[in-house]
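Below is one structure, written out as structure tokens; comments come after it.
The values are calculated or read from the model by the stated rules, or taken from the named source; none is laboratory data. Because the structure is predicted, anything quoted here is derived from the model rather than measured. For neighbour counting, all protein chains shown are included, and Cβ atoms are generated from backbone atoms with ideal geometry for every residue, glycine included. The area values use the complete protein model at the heavy-atom level, side chains included, leaving out ligands, DNA and RNA. Shrake-Rupley method; radii C 1.70, N 1.55, O 1.52, S 1.80 Å.
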Amino acid sequence: MNIIHSFISLVTPANPPLDMKWSSKAITIAAGNGDGQRVDQLNYPRGIDIDDEQTIYIADSYNDRIVEWRRNATVGIVVAGGNGEGDQDDQLNNPLDVLIDYHNDALLIADWGNRRVVRWSRRNGRSGQTIISNVRCFGLAINSKGDIYVVDDEKDEVRRWTIGNNQGLLVAGGNGRGDRLDQFNRPHYISVDDHESIYVSDWGNHRVMKWIKNAKEGIIVAGGQGRGNNLTQLYVPNGLFVDQWETVYVADYGNDRIVRWLKDSKKGEIVANEKLDRPYDLAFDEDNNLYVVDNGHDRVQKFMPV
């Protein structure tokens, strides 16, 4: 998952021009040495985030760890978990998403297997702090005020957590599993914009939904035409990114491609599909380089603008 960062003083937001194209040839910039536990390997990577230094944080889910991969590095650094599967403060269990929390100079981790959200310091943190419990968290986002949005793929809902609120406010879904506009079917990742509208990859419904703040139902902004590989369709979408023009970039997992949907468009445009196998998440840096978690090849690919 990647969000629109609104912390202007902390990080430069990415906003690719509407007519931007990317090279069809990608560069492997993390792992790509088969699945495994070595520091030059990943095993079923999922969520990703990136900072202004082009340091990448990867949810290395089957290794129960978060890996930091610095620019031009040939190996990663384990910065959270990595102590075996478990529920202790220094362990993770199948983390699915990671997000940089600039407010606290920390990482937010969707520790899916432990049903919790963990905050882990970026300054040599040896253990994490559970900040939200009893939630099957798949994807995460954070707004400019520091509110945390949690996608619960078990309850088919999104909640916003504010400081001092122990329950979380329901902001999308929560009406049972289904395909109505007020429902989700196993939602996965999320993006939030400066108006606090949220965009959610509705995995089981093969669509991306936009929920305007305080809305009672969502709007289909990508897919929604059943499972398929036409440009009007998606196939189990995962990670997404939304820019200031409300262009939606989607990791179209089942179709092995990254697709861009312009605002109000009825069909998408393929942005990248060269040698991708089950792309799981995506991110942009301030130079508009596109980073893709190439899940099937246990690596992260970088596509440069042309």
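Run the dipole for segment 161-209 about the Cα centre, Lys and Arg Cβ at +1, Asp and Glu Cβ at -1, nothing else charged, and hand back the magnitude in debye, nearest 20. Dipole magnitude for segment 161-209 comes out near 280 debye. In a simple Cβ point-charge model (Lys, Arg +1; Asp, Glu -1; nothing else charged), the chain has a dipole of about 440 debye relative to its Cα centre. Please find, in a Gaussian network model of the chain (springs between Cα atoms separated by less than 10 Å), the residue of P95, P16, P187 whose mean-square fluctuation is greatest. The residue that fluctuates most here is P16. Under the shape rule built on the C-alpha gyration tensor, where the axes satisfy a ≥ b ≥ c, segment 232-296 is oblate, since a/c reaches at least 1.5 while a/b does not exceed b/c. For segment 129-136, the Karplus equation 6.51 cos²θ - 1.76 cosθ + 1.60, evaluated at θ = phi - 60°, returns couplings of 10, 6, 10, 9, 10, 6, 9, 8 Hz by residue, with Gly and Pro reported as x.
For the pair R123 and D194, label points projected 7 Å from Cα toward Cβ lie 3.0 nm apart. Three principal axis extents describe the C-alpha atoms of segment 168-244; from largest down they are 34, 31, 16 Å. For the residue pairs K21/K266; K155/K275; K213/K302; K155/K263; K145/K266, the alpha carbons lie more than 26 Å apart in K155/K275; K213/K302; K155/K263; K145/K266. Between I77 and D277, the FRET efficiency estimated from the beta carbon spacing at R0 = 22 angstrom works out to 0.30.
Using only alpha carbons, segment 18-142 has a radius of gyration to Kirkwood radius ratio (Rg to Rh) of 0.98.
Mean projection of the Cα convex hull over all viewing directions, computed for the chain: 13.6 nm².
If you sort the three axes of the alpha carbon gyration tensor as a ≥ b ≥ c, you get a/c of 1.5 or more for segment 82-157 and a/b no higher than b/c, which makes it oblate. Among R257, R227, R119, the largest mean-square fluctuation in a Gaussian network model of the chain (Cα springs under 10 Å) belongs to R227. A 1.4 Å probe run over segment 200-306, with the rest of the protein chains in place, finds 39 Å² accessible per residue. Looking at segment 160-306, the pairs of alpha carbons with a distance over 19 Å make up 51% of the total.
To put it simply, the accessible area of the chain at a 1.4 Å probe is 42 percent carbon and sulfur.
Using the Cβ-Cβ distance between S23 and R227 with R0 = 30 Å, the FRET efficiency computed as 1/(1 + (r/R0)^6) comes to roughly 0.55.
If R0 equals 45 Å, the separation of the Cβ atoms of N134 and D287 corresponds to a calculated FRET efficiency of about 0.65.
Remark: segment 138-177 is approximated by an ellipsoid whose semi-axes, taken from the C-alpha gyration tensor as √(5λ), come to 18, 11, 7 Å, largest first. Phi angles of segment 102-114 translate, via the Karplus equation with coefficients 6.51, -1.76, 1.60 and θ = phi - 60°, into HN-Hα couplings of 5, 5, 10, 6, 9, 10, 9, 10, 7, 8, 4, x, 9 Hz per residue; Gly and Pro are given as x.
When each of the peptides 273-286, 239-252 is scored by the mean number of other C-beta atoms lying within 10 Å of its residues, the order from highest to lowest reads 239-252, 273-286. Label sites at N214 and L262, each approximated as a point 7 angstrom past Cα along Cα to Cβ, lie 3.2 nm apart.
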